[in-house]
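Here is the structure we will look at, set down as structure tokens.
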Amino acid sequence: MNVYFDLLLLSVMISIVSSLVGTFLILRGGSLTAFALSHSILLGIVITFLFTRDLNSPFLPVGAALTGVIIVSLVEFLTKSRFIKQDAALGIIYLFVFSLGLIMIAKYAANTTLSAKAAITGNIALIPFDRFIIAGYDLGPKLLWITILVLLINIIYIGIFYKELKITAIDSEYAHILGFNPTFINLSFMFIVSITIVTTFSVAGVVIAVGLMVIPPATAFMLTKELRKMIALSIVIAIISGLLGFFIAWNLGSVEISSVITIVAGLIFMIVTIFTRSGKN
Amino acid sequence: MSAVKVSNLSILYHQIPALWDINFEVPEGTMVAIIGPNGAGKSTLLKSILNLIKVKNGEIEIMGTPHHKLRDKHKYIAYMPQRSSIDFDFPTNVIDVVMMGRYGHLGWFKRPGKNERELAMNALKKFGMAEYSHRQIGELSGGQKQRVFLARAYIQQADIYFLDEPFGGVDSKTEQVTLDLLKELKDNNKTIIVVTHELDTLKAYFDYIMLINTQKIAFGTPSEVLTAENMQAAYGGLMHMPHR
């Protein structure tokens, strides 16, 4: 077992899986929705844990992802009825469910590895010790394999619904007229974002998980006007941030690798902003 | 058979009517304008017909079928939206947007290919936009954007064409291209429904005019509808009779 190599690979894979869905997330104007999702997921984990009583249960990620989708759909339903504005609704709901999640952790999950700190920053240090072992062969950290599985699911989803994701984002009314139900695409995409956050959650926590999703595509968006190039560029930026972030974190002796990755991604974003803006003037 | 039949349609926002008890029928193969002052509910009426707004009071039929039960909608309904309803920052180019006109024919999952690209390119040539085919959609002028959406609606080859404000603040070339398309569609016996502010050009082109201001003021031929009395009822003292 090689902790250094495991963490390096995990840093890069988590960055890639986040930035791929992130591209469609920011193009659909869903950054705030993702925040609401990630905070709802925490609540979902605690609630599902109350039923399963096992933090390693396979139902935990599914329950968490579904909770996220249900809560965000409720918010969208409320805003569609013009009861309240969407940003206000999302802003209020994510703080509300997050607080509820934190209280429930303290009350019902006090003796587990689930803690308020882990929820906020993630806990990458523990991950290399949870191994995926088949017939005596050690195949690496479990989470690495889960991340690869989620990445495959995301690639297949985006591959199948590429055209539908595009048309509902560019012109949802026209999509509706042509018979492509935007609600179906919205819900299924939210579920994909949800399972991705559930995966990155244990490494990055609720806040950074969204940062990894949003920053590389937002940077790529400034550099190109073609969707395929934007996807490719955001993955490249994610890989660079993952690698650099890991090396810096490792050498600093810090275990908050995901935070350093986000800082690197943020710096790349700023540099690109300065160059593209000054190029235009 | 009527292309579009609207019966007892009322739309309320927070108990305030945006449309009140609207009734009219558009015969197949005719060209109809929906006119009225700002806030009269023109776009609301169009969106209700297109089932983009949920209709709770009243019925709407398209080609004899209730609009919410209509299957293969893309074969019946082509739509040119008001330009404001589109995300122009999306990283996509002109030809990709035009190809969306064939998405309905492709159905779920299937990606556009050579055939769709060819149809889109021909339509762009027709509307004088071929040289812009690889521009990002946000980089076009208002009139150019409209021609892209005309091309998209055109390659859909549907039975009924809905155009929302096609004459609002566009250059003369775009206006001409739009009028030429309307004539061509009409010659091919398509039904055309246009929401418009542009009263001056109306008389020459339209078979029927629907004049509304929340309620139906008048529906009929241009000479029946465009009377001083009706215009007074719709616009109050704010607007004069169109010339010609």
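The values are calculated or read from the model by the stated rules, or taken from the named source; none is laboratory data. Keep in mind that what you see is a predicted model, and the values were worked out from it rather than measured. No Cβ is skipped: glycine too gets one built from the backbone with ideal geometry, and neighbour counts run over all protein chains shown. When the accessible area is computed, the model is the full protein with side chains, heavy atoms only, and any ligands, DNA or RNA have been set aside. Shrake-Rupley method; radii C 1.70, N 1.55, O 1.52, S 1.80 Å.
A few points about this structure:
- When segment B:34-55 is filtered for residues that are away from chain A (no Cβ under 13 Å) and in a loop (DSSP other than H, G, I, E, B), the ones remaining, listed by number, are B:Gly36, B:Pro37, B:Asn38, B:Gly39, B:Ala40, B:Gly41, B:Val55.
- In segment A:199-244, the residues that are of a type in the set (Gly, Ala, Ser) and open to solvent by 10 Å² or more (accessible area, probe 1.4 Å): A:Ser202, A:Gly211, A:Ala218, A:Ala232
- Between A:Leu55, A:Leu95, A:Leu78, A:Leu60, the distinction of being open to solvent by 20 Å² or more (accessible area, probe 1.4 Å) and under 18 Å from the mean Cα position of the chain (by Cα) belongs to A:Leu95 only.
- Qualifying residue in segment A:166-178 (condition: more than 26 Å from A:Leu32 (Cβ to Cβ), without any contact (Cβ under 8 Å) to a residue 12 or more places away in the chain and crowded, with 16+ Cβ neighbours inside 10 Å): yes
Residues checked against (1) part of a helix (DSSP H, G or I); (2) within 30 Å of A:Met230 (Cα to Cα); (3) open to solvent by 10 Å² or more (accessible area, probe 1.4 Å):
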position	(1), (2), (3)
A:Phe24	yes, yes, no
A:Leu32	yes, yes, yes
A:Phe35	yes, yes, yes
A:Ile41	yes, yes, no
A:Gly44	yes, no, no
A:Ile47	yes, no, yes
A:Ala64	yes, yes, no
A:Ser73	yes, yes, yes
A:Leu102	yes, no, yes
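- Candidate set: segment A:148-161, residues that are surrounded by 16 or more Cβ atoms within 10 Å (Cβ to Cβ) and within 14 Å of chain B (Cβ to nearest Cβ); chosen: the one nearest to A:Leu227 (Cα to Cα): A:Ile158
- B:Ile95 more than 9 Å from every other protein chain (Cβ to nearest Cβ) and farther than 28 Å from B:Phe24 by Cα: yes
- The set of residues from segment A:117-147 being part of a helix (DSSP H, G or I), open to solvent by less than 70 Å² (accessible area, probe 1.4 Å) and within 20 Å of A:Ser194 (Cα to Cα) comprises A:Ala118, A:Ala119, A:Thr121, A:Ile124, A:Leu143, A:Leu144, A:Thr147.
- Only residues that are facing chain A (nearest Cβ under 8 Å), part of a loop (DSSP other than H, G, I, E, B) and farther than 15 Å from B:Ile49 by Cα were counted in segment B:72-92, giving 6.
- Note on segment B:17-33: residues that are over 20 Å from B:Ala233 (Cβ atoms) and part of a strand (DSSP E or B) total 4.
- Scanning segment B:117-154 for residues that are under 20 Å from B:Pro166 (Cβ atoms) and not in a helix (DSSP H, G or I) yields B:Phe127, B:Gly128, B:Met129, B:Leu140, B:Ser141.
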